[in-house]
Each structure stands twice: as structure tokens, then as C-alpha cells.
Amino acid sequence: MATATSMPATPHDGRVLPAFGVIGWRWISRNPAAAIAPILQPFIFLYFLSLISPPGLFPLEILGAMLFTTQNIGSWVMGDSATWRIELAVQDMFIASPLGKVRYLFGVAFSNLIAAAPALIVLAVLLDVVLPHRVPWTAWLVLGGCLTVVWILFSSIGVAISSRLTSQREIWPVGNLTFTVVGMLSPLYYPLSYLPPTWQRIAHFLPTTYAALLVQGAFGITPATPTQMVEYVALLLGLAVVGTFVALRMYRWRAP
Amino acid sequence: MRTEPAHRLSLFRGTVAFSLTEFRVQAHEGIAIFTSMITQVVLLIFVTILARQYLSVALLGAILFSLFTLGQRVLNEAAYIRVDHKLNQLYLASPLTPGGYFLGISVGVLLTYLGPILVLVAIAVVLVPLTPILGLELAAVGIAVWLFASSMGYVISTTFRDMRAIWSNASLLFNLFGVLPPVFYPVRLFPLALRPIALLMPPSAASAILQNTLSPGTLSSSDLLLAVVGLAVETVVMFVFAVAWARRTAQER
């Protein structure tokens, strides 16, 4: 009979975000030290900066720390994805499941967003406290939008790079090189005008530069005209779409 | 005839051979060697852009921080050999002693990462008034910081059971010790009430000693004494503990 030999019913759909949300939550609840690391990292830099820089730059530095933390989610996505594939060898299970590579990407990115969320919330509260003036609610909306774009873009880059790694040893140096260098080239922790001219020109090719300029403009820290703001939005979205597309093209879902 | 003093050296038997092995292993990690300078370069960029007047202090701090973070490399490598490759039992079953194993990793890591550190020293020679006295002090406190950090890194590595959390946690630990206290910035900017704590932390103690030579009078004589004695005692205690810990954890297996 056909029913005796047929395959058992397998799910063809699922709830990716809740499932990876549980993975993210379990990871930080079982390893509190791992949750503390991403929370404290931006504060270490902020503390250092608060000692050596003019106090007026502190709100800008907090915004920079929020963008930098979100960008670093890409590094953690890279680490998780590479660990699951290389050390735990569970990539084949993901491939065999109803997940596609895009849903897998959003799942890993979401699970790591959970680990970064406490740091982002604390930084947002701190920003609200130190801002010298009230800002319109649209400024927070712009900040949320920029963080979302940076989160998707750098998670895509992280997962793309992870698929090319061959050893656990490469994760930390490659992540450090990619995400820290890109973060430092963009004017996250200092105004763009403080940088030497050549550096400023290089920074204009990086999407995080426009995210930084956009949030600095929205919060009234670095003045920007409405036309400039629209320009920043267009350049951020344009570079992010191109970057995400290239990253997904680079991403090797199945072993060749 | 071979005399018994060798029994003392036998505590570290195999150090030279294993350190050269580790050097060859580590030397293949080109990206890791290159990226070992990233945090230092980031902080030097911050200082150059936002507070150029502290560049001399920050450069000396970058050298000390580089030596300090070698402990993080020792931590990663020792954990990697044990957790991922499970090679440590093979090494320890050989004539290599636990002390030689620990010191071999530490020296191998130092030899590998010395290149980028010497680049920082060369920059410091140009930008900092690096007198012979300051140079000698830098070498002395640098060795102490390296030995302390390597010992600490090795001991901590034995507590990890999987590789996933090692990089972020180790990075955090070494950044806490190396960036928060006054290593890259003048000790006078650190809160006065907490200064004894900074002077008891090896990287900031070493930095404070150098800052005092760079700008005499930075520290009071009692603060200077605290920094010098604290650094020396902590280094010796941590090194002895790491050797004892290496022997104990090897016996447990």
C-alpha cells in the first residue's frame, strides 16, 4: 500500500524568528558572561572617550556606540553561523529544513539582536538623559530606522563571510578586522569634519557614515538641511541594498 | 656526569622546543597577527583626533596594552589546543612538562606577535622622547606585563568548556584591564579615590611608572612605590600560580 511506504509528514513551514529568538535567549540565559560582553564593550569605549574628548561630543559618541553595537551584531552572526557549521556541523540540518538562506539569515540576526538589545536600551536611556535639549519623536524614529538598516546589512555581511571561513581560529581575527575597521573608518564616535580630507572621502563610501550623519542630523548634533537629510537617506538605503545584495550573492548556503 | 640542578629546569622541560612549535603554528595566522593591533590603533586614532596632547602617553600605553593582550592570545591558543584539537593530552603525555607547555605557548605567542609591537616601539622612538632610562623601564615593565598576562590567560583558559564564548569574553576581560584604567591616557585623569586600584592593576601600574618618568612628579613617591612593588609581586605570584595550576590540571587529566 502506498501509505505503508510514504514518508512521514514533514513541516514545510515554521516560525523562524520565535525559534531563533529562543536560541538567542537560551544562549544569554545559560551564559550570562556572554551577554555581558556585548553590553560592556561600547561602554568601555565611551568611558575612554568621555575622559579624553570635549563633553559636548558625548551625545554623538553615544549615538556612535549604538550604531557600532548594531554593526557588531554582524560579527556575532558570523561567529554563530561559522561555529554551527564548522564545530557543531548542523548546517546540513538547516539546509534540510524548510528554512531558506534568507530566513536563516534573519533568524541568526534576530537571535543575536537579543544579546545586543540590553546594551542598545541602556544606551538609548543614557542618550535621553545627556541630550542638552528635547528632540522630536521623529529623531528616535530615524535612529530606529538606521539601526534596522545597519543590522540587516551587517548581519548579511557576517553570514556571507562565515560561509567562507574554514576554521574556528579565523572567526575572531576576521570579524575584528572587518567590523572594527569599517566602524572606525566611519565617523561614528567623532564628527566627520574632524577627520583628515582623504579619510573623509573614504568614509563617504561606507553606509555607516550616512547612518551616523543621519542620526546626528536628526538629533540636532551635526546640523543638516532637509535636502541633505534626504540625500543621506538615499545614500544609506542605496549602499545598504547594494551591500546586502552582494553579501547574499557571496553567501554559500550549501557546500560546493 | 649530569648533575641534579637540572631538576629545577625540568619544571620547564621542553619549553624551547614547544615555543618554537607554537611560533610556527602562530606564524601561519597572518590575519590574527595583523588584527592584534586593531584596538590599539582604534584608541590611538581616538587620541590623535580628539586629544593629540596625550599621544606620547597613548603610544607607550599601546605598547604595554599589546604585551598585555598577548595573554588573550595565550588564552585562546591554550583553549583551542585543549577544547577544539584535544591535543593537550598528547603534548602532556610526551616529555614536555606542564610548566614547559604553559611557558612554551607564552613564549611562542610572544615571538609571533613581537613584530607589530616593535613597529609601535619604532613609532614611539620617533614621537616620544624615548630616553635610554625610559627605554629600559619600558623593557622591564613590558616583560612583567607580558608574564602576568600570559600566566592569567593560561589559567583562565582552563575554565572554558567550549569555544563559542571565548573570543568575546576574553576580549572583554583584557579590554576591562587594559582600556578602562589609565593605560592609554594620563593617570591624573583617573578618579583620585580609585587611583590605588589602577596602580595595583599591572597594565596601568606599568603605564603609570612610565608616565612618571616621562613627566616627573606625576606620581607621589608612595604611589610610585605601590605601582612598582605591586607590579613585581603580582607578576611573580601569578607566574608561580600558573605553573602550579598547569601541573595540577595536567595531573587531573
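The values are calculated or read from the model by the stated rules, or taken from the named source; none is laboratory data. Predicted model, so just to flag it, every value in this text is computed and none were measured. Cβ sites come from the backbone with ideal geometry, for glycine too, and all protein chains shown count toward neighbours.
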Task: Leading residue by the ranking (nearest to A:L235 (Cα to Cα)) among those in the range A:180-204 that are surrounded by fewer than 15 Cβ atoms within 10 Å (Cβ to Cβ) and among the β-branched types (V, I, T) - done: A:I202
- [ ] Could you tell me which residue of the range B:122-173 is surrounded by the most Cβ atoms within 10 Å (Cβ to Cβ), considering only residues that are closer than 25 Å to A:M78 by Cα and of a type in the set (D, E, K, R)?
- [x] B:R164
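Go through A:R169, A:R164, A:R249, A:R201 for me and flag whichever is more than 12 Å from chain B (Cβ to nearest Cβ) and under 30 Å from B:A27 (Cβ atoms).
On the way: A:R169 fails: more than 12 Å from chain B (Cβ to nearest Cβ); A:R249 fails: under 30 Å from B:A27 (Cβ atoms); A:R201 fails: under 30 Å from B:A27 (Cβ atoms).
The unique qualifying residue is A:R164.
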Open item on the list: Among the listed residues B:L130, B:L87, identify the single one that is within 21 Å of B:P203 (Cβ to Cβ) and of a type outside the set (V, I, T).
Closed with: B:L130
Open item on the list: For the structure I just gave you, tell me whether B:L67 is at the interface with another protein chain (Cβ under 9 Å from one of its Cβ atoms), part of a helix (DSSP H, G or I) and either touching a strand residue (DSSP E or B) at 6+ places or on another chain (Cβ under 6 Å) or hydrophobic (A, V, I, L, M, F, W, C) (or both).
Closed with: no
- [ ] Give just the number: which of (1) more than 16 Å from the chain's Cα centre (by Cα); (2) within 14 Å of chain B (Cβ to nearest Cβ); (3) free of Cβ contacts under 8 Å to residues at least 60 places away in the same chain does A:L177 not satisfy?
- [x] (1)
Task: Matching entry among B:F46, B:F65, B:F18, B:F102 (being of a type outside the set (D, E), crowded, with 20+ Cβ neighbours inside 10 Å and free of Cβ contacts under 8 Å to residues at least 40 places away in the same chain) - done: B:F46
Task: Hey, A:L57 out of contact with any strand residue (DSSP E or B) (no Cβ under 8 Å at 6 or more places or on another chain), more than 10 Å from chain B (Cβ to nearest Cβ) and under 25 Å from A:G217 (Cβ atoms) or not - done: no
- [ ] For the range A:24-33, state whether one or more residues are among the small types (G, A, S), at the interface with chain B (Cβ under 10 Å from one of its Cβ atoms) and more than 30 Å from A:H133 (Cβ to Cβ).
- [x] yes
- [ ] Please work out which one of (1) assigned to a loop (DSSP other than H, G, I, E, B); (2) without any contact (Cβ under 8 Å) to a residue 24 or more places away in the chain is the condition A:Q228 fails and give its number.
- [x] (1)
Task: Residue count, the range A:76-118 (criterion: under 17 Å from A:F154 (Cβ atoms) and of a type in the set (A, V, I, L, M)) - done: 12
Task: Any hit, the range A:197-206, residues being outside any loop (DSSP other than H, G, I, E, B), β-branched (V, I, T) and farther than 11 Å from A:L63 by Cβ - done: yes
- [ ] Considering only the range B:87-199, give the helices (runs of 4 or more DSSP H) lying wholly within it that have at least 1 residues that are hydrophobic (A, V, I, L, M, F, W, C), more than 11 Å from chain A (Cβ to nearest Cβ) and within 21 Å of A:Q41 (Cα to Cα).
- [x] B:132-157, B:195-199
Open item on the list: Just to check your reading of the model, which residue among A:S81, A:S97, A:S75, A:S111 is modelled with pLDDT under 85 and either hydroxyl-bearing (S, T, Y) or touching an Asp or Glu at 6+ places or on another chain (Cβ under 7 Å) (or both)?
Closed with: A:S97
Open item on the list: Quick test for you: out of A:L213, A:L188, A:L248, A:L177, pick the one residue that is part of a helix (DSSP H, G or I), of a type outside the set (V, I, T) and modelled with pLDDT of 90 or more.
Closed with: A:L213
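One line per residue, one yes/no per condition, for (1) closer than 30 Å to B:R188 by Cα; (2) surrounded by fewer than 17 Cβ atoms within 10 Å (Cβ to Cβ); (3) under 16 Å from the mean Cα position of the chain (by Cα):
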position	(1), (2), (3)
A:V16	no, no, no
A:L49	yes, no, no
A:G79	no, no, yes
A:M93	no, yes, no
A:G107	no, no, yes
A:N112	no, no, yes
TODO: Would you check if A:I152 is part of a helix (DSSP H, G or I), surrounded by fewer than 23 Cβ atoms within 10 Å (Cβ to Cβ), at pLDDT 90 or above and within 14 Å of chain B (Cβ to nearest Cβ)?
DONE: no
Task: In the range A:107-149, the residues that are in a helix (DSSP H, G or I), more than 26 Å from A:A240 (Cα to Cα) and not β-branched (V, I, T) - done: A:L126, A:D128
